[in-house]
Amino acid sequence: LENGLTVLVQEDHRHSLAAASLHLRAGSGDDPAGKEGLAFVAGRSLGTASARRPGEGAAPAGTIPTLPEVMVSRDLTEARFLTAPADLPDALQALAAAVDRPSIPDAVFTTLRNAARDLLDRSARDPSFVGLELFKEKVYAGHPYAHPGLGTPSGLRAIEPGDVAAFRTRHFRPDRAVLAICGAFDTEEITTTVRELFAS
């Protein structure tokens, strides 16, 4: 698109499904010193749109039909979902809105930060996690890759809602993103939808 977003569309009618994956070139390697875990919290905020689970009936207006799965690595944040083709436009609209909003409610921020702390605490009791992170700490000493992608206890404590908003504004940009969509839909219709939702 003119704003720099790369869009890949593949029409495929072998299954009555549609999938979308938004890749953002930002990860824990972009955490500022002293705020390790910021990318993880900011990335996970993309999955906080109101949603319905499969089998819960019709989605209320303005909700995302399928809750996106969000993964944050050292270099990449990915939000992806699998849905019915009829629900794809609504799901893309919710995803576009989730990426575009600069800030998240304080209650959502607190929930995400606490979840990251809990996950880090649980991981610290897993010898394989501890061994791998110790390896990375030594190999990448002095580089942001040295800390766990989840962050550190002190880093997570230091993060504030404004830090998340600043991170999202700086890194969640169209020229740093690729949107890939595949499934049983009409290519021209979905391409038009994507332009309408993501061009701004």
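The values are calculated or read from the model by the stated rules, or taken from the named source; none is laboratory data. Remember, predicted model here, so these are calculated numbers, not experimental data. Don't worry about glycine lacking a Cβ; one is built from the backbone with ideal geometry, like all the others, and counts go over all protein chains shown. In case anyone asks, the SASA skips ligands and DNA or RNA and just uses the protein heavy atoms, side chains included. Shrake-Rupley method; radii C 1.70, N 1.55, O 1.52, S 1.80 Å.
Can you list which of the GluC sites (Glu not before Pro) found in region 1-38 are DSSP loop residues with at most 12 other C-beta atoms within 10 Å?
Hits after loop and neighbour filter: GLU2.
So how much accessible area does GLU137 have, in Å² to the nearest 10, using a 1.4 Å probe?
Probe radius 1.4 Å; accessible area of GLU137 about 90 Å².
Give the percent of DSSP beta bridges with both residues in the chain that are antiparallel, rounded to the nearest 5.
That works out to approximately 70 percent antiparallel.
Please report how far the C-alpha centroid of region 164-196 lies from that of region 1-33, rounded to the nearest whole angstrom.
Region 164-196 and region 1-33 have Cα centres separated by 6 Å.
Rounded to the nearest 10 Å², what accessible area does ASP118 have for a 1.4 Å probe in the complete protein model?
Using a 1.4 Å probe on the heavy atoms, I get roughly 80 Å².
Could you work out the relative contact order of the chain, using alpha carbon pairs under 8 angstrom and six or more residues apart, expressed as a whole percent? Before the final figure, lay out the partial values.
On the way: 366 pairs, mean separation 83.9, N = 200.
Normalised by residue count, the contact order of the chain is 42 percent.
Once all Cα-Cα distances of the chain are split into 5 Å bins that start at 0, what whole-number percent is in each one?
Percent of Cα pairs in each bin: 1, 8, 15, 18, 18, 14, 11, 8, 5, 1, 0.
Of the chain, which part is the longest with no trypsin sites (Lys or Arg not before Pro) in a loop (DSSP not H, G, I, E, B) and with at most 14 other C-beta atoms within 10 angstrom?
Excluding the exposed sites themselves, the longest stretch runs over 15-124.
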